[in-house]
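Structure first, then comments.
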Amino acid sequence: MIFLRLFFTFLKIGVFSFGGGLATIALIQHDVVEEKGWLTTQEFTDIVATSQITPGPVGINTATYTGYTAVVNAGYPEWAGILGALTASFATILLPVILMLVVCNLLVKYRQNPVMAATLSVLRMAVVGLIAAAALLMVSAETFGSYSTDSLQFFVSIAIFAVVFIASFKFKTSPILLILLSGVAGLLVYGIFS
């Protein structure tokens, strides 16, 4: 039954979601697209994009949309997709909430302990790696297009990426403004050339 498989898949993802939502994207993509085949790469890319622009944590949003889509793709009706979304979301947060209650207690109690400090520094490095993996997963033909199939989409995607990267990194431009300007640029380019 897909609901039980969804629950255990996202329970596992929730336990290893150190670093927040962006760090979980690589884990979700591996389990749901590559291992279980519940979604295509294109569907997952769309889910990640939608998760980033909707309010709320990216990891929970991705789990919610993934749970819905996986259940509907398995042939269940749309109302069952809502149960799939709730199952994936609940499983994603269940163990992290319990673990955080325990860890917060221990962190307050053993804050000065060198073992605790060393553990946290190692986890910080792992989080950077998971976020980098999530970023690299988004550099694909589904996101940027392909030069051979649609050179306009490819060059526009590269240009928007470069401008947003520079504006964010060098000029510390607001992410909200960058999202809005990227949307306007996409509308203008594809409105004119479509």
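The values are calculated or read from the model by the stated rules, or taken from the named source; none is laboratory data. Given the structure is predicted, the values throughout are model-derived calculations rather than measurements. Ideal geometry is used to build each Cβ from the backbone, glycine not excepted, and the neighbour counts take in all protein chains shown.
Before moving on, here are some points about what is shown:
- Taken together, THR66, THR9 contain a single residue that is free of Cβ contacts under 8 Å to residues at least 60 places away in the same chain and in a helix (DSSP H, G or I), which is THR66.
- Search result, residues across segment 17-33 that are without any contact (Cβ under 8 Å) to a residue 24 or more places away in the chain and either in contact with a Phe, Trp or Tyr (Cβ under 8 Å, 6 or more places away or on another chain) or under 13 Å from ILE131 (Cα atoms) (or both): VAL33
- Scan segment 36-57 for residues that are under 18 Å from SER140 (Cβ atoms) and either part of a helix (DSSP H, G or I) or touching an Asp or Glu at 6+ places or on another chain (Cβ under 8 Å) (or both) and the total you get is 12.
- Residues being surrounded by 15 or more Cβ atoms within 10 Å (Cβ to Cβ) and either of a type outside the set (A, V, I, L, M, F, W, C) or not in a helix (DSSP H, G or I) (or both) - total across segment 23-35: 3
- Some residue of segment 98-113 being in contact (Cβ under 8 Å) with a residue 12 or more places away in the chain, assigned by TED's automatic domain parsing to the domain that holds ALA26 and out of contact with any His (no Cβ under 8 Å at 6 or more places or on another chain): yes
- Restricting LEU94, LEU106, LEU123 to residues that are out of contact with any Cys (no Cβ under 9 Å at 6 or more places or on another chain) and modelled with pLDDT of 85 or more narrows the list to LEU94.
- Test for THR50: is it modelled with pLDDT of 90 or more, within 16 Å of PHE3 (Cα to Cα) and out of contact with any strand residue (DSSP E or B) (no Cβ under 8 Å at 6 or more places or on another chain): no
- Output for segment 82-121, where each listed residue is in contact with a helix residue (DSSP H, G or I) (Cβ under 6 Å, 6 or more places away or on another chain) and farther than 14 Å from PHE10 by Cα: TYR110
- Here the helices (runs of 4 or more DSSP H) wholly within segment 95-194 that include at least 3 residues being among the hydroxyl-bearing types (Ser, Thr, Tyr) are 151-169.
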